[in-house]
Amino acid sequence: MEDNKKFMSLDDLVKMGNENYIKMINEGKITDIFRAIGLFPNQTVTNDVLILSQMPNATCVKRMKEWNFYHRQVKKNEKALKVISHKIEKYDQDYADESGTIYTKGIEKLKHDVGFVFDMSQTEGQHFDYLNSNRETISAHFEDVKKALERTAKEYQFKYEDIENKSNIDRENKIITIKDGMDIGDIIETLIQDVSKVLLESRRAEGLSSKQKENIEDIEHNVAIYAIQSKLGLELPNYNFDEIKEYTTEDQLEFKNNLQKVRSVTNQLLANVESAIEYAIRGLNREQAKAKEEENEKQEEQVEEAVAEQPKRTRKKKQAESEVE
């Protein structure tokens, strides 16, 4: 396969990413790209496609150093997945003013290069639940997830009242009202829908505009929900994205910019939710460790007391035996 070549240049990766992106859309696999936006929030659409092209079942990718931070190591003989890395390069540049005086100015430049990541399935080591967010994890930490979602829409206040619809967004007064009494799943999914909507509305327009595609804002919102719920292991909405297949190739490529806008929202929301789950699990682990330590100390004290009492019991037994004699 082309992506398994020993050497692949940056130009090769860019070309491969664009070609496979168009191919996936035309083959009706665009939801795979949307799912990847949620699974790989720190990547780009092109990298999503590159990762899926090399490992269709990838779920969580990081650089080797990042996996090491989580106390996981790459398994022997595993091949890295090639992606396009983006990093800021800083350097000093001299320049002269009108009088000829030389000044030094710090310059930042975005640099692109061939990068390497590994999927979690290619690693082994310590297990972390928050790397595999799912319905059970969210239910177990419902209050933490709920507060994280609310915090993500910073300008809005949240109320829970007995209303007819599942929710209502008051943009003028910056209030989101959620129907009181719904179950955990409905509350979380409603929060995801409303928070992602107000975040998208706050972003600068990218890619195709509403003048070009009348319902593009609805598509962006549906993609965001699909990506977020894919990552969190929630039930996926049954949205129809077939019309994107009918776009011209030029519009399909331009649509990648819309997806980058969606990604910025998805990344922000998921980062807050997963940080909340991580913090909650770490806190729970600390509490469990502390409880275990206290239990061990208690057992040790009981053993020490039993050992200390043993000579006394022996003396009492001998005394009772001599009195009988």
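Laboratory data are not the source of any read-out in this text; all were calculated from the coordinates shown. It should be emphasised that the depicted structure is a prediction, and the values quoted were computed from it without experimental measurement. Every residue, glycine as well, gets a Cβ built from its backbone with ideal geometry; the counts of neighbours run over all protein chains shown.
General observations
- Neighbour net charge for residue 175 - beta-carbon separation under 13 angstrom, K R +1, D E -1: -3
- Positive minus negative residues near residue 268 (Lys, Arg vs Asp, Glu; Cβ under 14 Å): +3
- Above-threshold pairs, the threshold being 19 Å between Cα atoms, out of 62/154; 23/245; 29/245; 87/231: 62/154; 87/231
- Phi-based couplings in Hz for region 186-202 (Karplus 6.51, -1.76, 1.60; Gly and Pro marked x): 5, 5, 4, 5, 5, 4, 4, 4, 6, 5, 5, 5, 6, 5, 4, 5, 8
- Restricting the GluC sites (Glu not before Pro) of region 11-66 to loop positions (DSSP other than H, G, I, E, B) with no more than 15 neighbouring Cβ atoms within 10 Å leaves 27.
- For residue 60, the residues whose amide H sits under 5 Å from its own are 120, 121, ignoring neighbours fewer than 5 places away on the same chain, with H placed 1.01 Å from N.
- Rounded to whole Hz, the Karplus (6.51, -1.76, 1.60) HN-Hα couplings of region 16-29, x for glycine and proline: 4, x, 5, 5, 6, 4, 4, 4, 5, 4, 6, 8, x, 10
- The phi torsions of region 239-248, fed into the Karplus equation with coefficients 6.51, -1.76 and 1.60 and a -60° offset, translate into couplings of 7, 10, 10, 4, 4, 5, 5, 7, 5, 5 Hz, rounded to whole numbers, with Gly and Pro shown as x.
- Highest mean packing comes first when the peptides 40-53, 184-197 are listed by Cβ atoms within 10 Å, giving 40-53, 184-197.
- Total formal charge among the other residues, if their Cβ is under 13 angstrom from that of residue 36, Lys/Arg +1 and Asp/Glu -1: +2
- Averaged over residues, the count of other Cβ atoms within 10 Å places the peptides 217-230, 159-172 in the sequence 217-230, 159-172, highest first.
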